[in-house]
Every structure is written in C-alpha cells, then in structure tokens.
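What follows is a set of notes on a single structure, which appears directly below.
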Amino acid sequence: MSLTFRWFLPTNGDSRHVVGGGHGTPATASGRDRPPTVAYLSQIARAAEDLGFAGALTPTGAWCEDAWLTTAMVSRHTERLKFLVAFRPGFVSPTLAAQMASTFQRQTGGRLLLNVVTGGESHEQRAYGDFLDKDARYRRTGEFLHIVRQLWDGKSVDLHGEHLRVEEAKLARLPDPVPEVYFGGSSPAAGQVAARYADVYLTWGEPPAQVAGKVAWVRKLAAEHGRTLRFGIRLHVITRDTSEQAWAEADRLLDGFDPETVRAVQTGLARSESEGQQRMLALHGGSRESLEIHPNLWAGIGLVRGGAGTALVGSHDEVAERIKEYHALGIDEFVLSGYPHLEEAYWFGEGVLPRLQAQGLWQHPDGQRAVPPAQVPFAGAGSR
C-alpha cells in the first residue's frame, strides 16, 4: 500500500519556536508569533497540497481555534486537500454532528475526515459543561459513533442509551463519501471503541517496539468484531540535508525552552487522565537529558507540548528510513508537523517525499513527480 502523508494546521498559532499547550494546558506565548489567521493557515494548506500531502489535521480544545469553522474557511482556498477535523463527541449531538459532516462533504467535494477525541482531561471537559468521568466518556463515544454511523447508512435511528437518546433520527441528505473516522487512545476502553467504529487507529510517535505492541493489540480487538483497520502515527519532523543540520535545529528549539515554562507544562500534564499522555511523559521524564529515545526519534517537543511530543530528526535519508521502519510495523498514514509549519512542510516535501517516491513507497496525489532529491552526502545519525 502506498504511504499517505498528512500535515497539520496550527490553529493554536505558529512560530520558529515550539508552540506549547494542549491537554488542558494553554498555548505558550510563542503562539502569538504567527497568529492562526485564515490567510496564514491557508498558506500552509496550499503549500501542503502542492507538495503532495493528502490532508491536514486540525486540533481541538480550549487552546486553539474551532476546527470545524476554521477548516470550512480554509477549504475555500484549496482544491484537493482533505481536512482531518478533530472534535469531541460530548460537545455536540450525534444527529447534528452527522448532519454537519454531510454538509461539509457536499460543500467541499468530499474533503472531510473526522478525528474523534473522547477527551482525557476532566477539568477541561468540565469547562465545556461535561461532567462524566473518563470511562463514561468512552462509553458515550461508542454510543455516539453507533448513532452517527447508522445515520450515514441512511437508517432511521432510535436509541435509548446510557448517555445518549435519540428518537426517529434520520438525515435528509447523506454524506458522499462517508467520512472516515480516525481514533486514538491507549486505554482498554479506547481500544474497544476503536475496534468497533474506527477506520484508522492513530497513535502518537512512540518507539517502534511500543507502536508494534499497539498495532497488534488493536488489530486483535478489531478482528474479534470481524473488522480490519488501517493504522497511522502522529509525529513532528525536523529533516535537513544532513543529520548535523537537523540536530542543530533540534538543539536550537530546545535552547528556546524556558525552564519555568517546562516545569509549568509538566506539572499540568502530570495530572492528565490520558494513558497516551502519560506514555508520552514517560519518554522524557521531564528531563532535557537523553531525549533521543530511538535512532532519530526525539522526545524534546513533549517538554512543552501536550499530546504528540516526539519528532523524527535527521537527514532526509534517515527520516525516510525511520518512516520505512514504522511502515514495516503496519503504519500506512503519517500525520506530521514542524515549527514553523510552512517552512517545515517544504523541508519534508522537497527532501523526504522524493526519496520515498523513488523507492515506490509514495505517489503524489495529483500524479505529479516530486522534486528530485538533492544529491547530498549521507550523514550518519551520530551519538546523541
């Protein structure tokens, strides 16, 4: 299967430094360097589209702009790029969400994908009026997706569930195509929801051995329900012509981390109920030391940012090799980002994608040939 690459729209702001926040922590001041205007986000989206990214993830939470509204506006400035809209099912009725997705598909020519986020932080959920505990939120998510999927199938739905209740729910117009559902989570409750309702299971960028365990776990759960899923991974990326240049950029970003900000963010993230977030924190332990946790996999981003906290760092050849390593485990989709998002899209699109295309692992969605890779001496990863 040809690899699929998606980029990221930084609706929390962008910068030449890491913009922290997420999982109940506010965006850091660097997010004001490049505000998330429709004009700037559209510039990133157009660049991603030209370079060959198939879509772009847009986050959800109090730390960023609303994903539905933002992507609807940005879609008018792009032609092909799909939008992986993150949303929390506890904040909107399932019938309304199914209707919104159907409208989005018609108005954009079928360019909506949905990233269902159950919500791992009770204190943030309560700010939105949601007072369920974590396990109850996952049960509600299952009911939500059960209703939405039946509505998308054209069925009339009656459900008196534990958390959701609808009577004679039906869509006047069905989405075409039906949006694919992306879903992540490391807890047993999350695995069950993914197995029954997701099209793509999305994991954060843990070392390959841990990712392999997750893939095997979810694949087995899905098989028990007679289903098969695709698998994706969410990573940041710092790729340059040489390994030394890439690691110098990682060091520059690390030097920009204010110690007090790191302490504040780590304190906030430590109370996270998300098992995935706790796994991210365990990769670095809040320390600046030994951040290369696997060849070319750097945990530095997680010192100031919740959620995805690891980055692929290295020469274009090295990053391509790490992508192939994850692909061998069953990962077919890569959702990437980098600071700043406009420039890093070009570094990856012009440096790594041509190498993967030359090896028959990726094709430009428009059938174009990527820019030929620069002929640079191979630089080893070195010792870090």
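Points to keep in mind about this one:
- Centroid-to-centroid separation of the range 348-370 and the range 224-292 [C-alpha atoms, Å]: 26
- Computed magnitude of the charge dipole of the chain (debye, nearest 20; Cβ of K, R +1, Cβ of D, E -1): 720
- Loop-resident sites, the range 45-123, for trypsin sites (Lys or Arg not before Pro), counting at most 16 other Cβ within 10 Å (DSSP): R80
- Accessible area per residue for the range 110-216, computed on protein heavy atoms with a 1.4 Å probe, is 41 Å².
- Degrees, to the nearest 10: 341-351 long Cα axis against longest axis of the chain: 70
- Those lysines that a straight Cα-Cα span of less than 23 Å connects to K214, excepting residues fewer than 8 apart in one chain: K134, K324
- Neighbour-limited loop hits for chymotrypsin sites (Phe, Trp or Tyr not before Pro), the range 98-207 (at most 15 other Cβ within 10 Å; DSSP other than H, G, I, E, B): Y128, F131
- For the range 1-56 and the range 186-222, distance of Cα centres in Å: 25
- In loop segments of the range 267-300 as defined by DSSP, the GluC sites (Glu not before Pro) with at most 16 further C-beta atoms inside 10 Å of their C-beta are E289.
- With every protein chain in place, the chain: carbon and sulfur % of accessible area (1.4 Å): 51
- Our coupling estimate for the range 194-209, obtained by passing each phi through the Karplus curve with A = 6.51, B = -1.76, C = 1.60 and θ = phi - 60°, is 4, 4, 8, 10, 7, 8, 10, 8, 10, 10, 6, x, 7, x, x, 4 Hz, Gly and Pro reported as x.
- Proximal charge balance of T103 [Cβ under 14 Å; K/R count +1, D/E count -1]: +2
- Between helix 275-284 and the chain: long-axis angle, C-alpha atoms, 0 to 90°, nearest 10: 10
- Rounded if a/c under 1.5, otherwise prolate or oblate - the range 1-100, Cα gyration tensor axes: oblate
- Rounded to 10°, Cα long-axis angle of helix 38-51 versus longest principal axis of the chain: 70
- In the full protein context, the range 221-319 carries 36 Å² of accessible surface per residue, based on a 1.4 Å probe and ignoring ligands, DNA and RNA.
The values are calculated or read from the model by the stated rules, or taken from the named source; none is laboratory data. Please read all numbers here as calculations on a predicted model, not as lab measurements. Backbone-built Cβ (ideal geometry, glycine too); neighbour counts: all protein chains shown. Remember, those area values only see protein heavy atoms, side chains included, never the ligands or the DNA or RNA. Shrake-Rupley method; radii C 1.70, N 1.55, O 1.52, S 1.80 Å.
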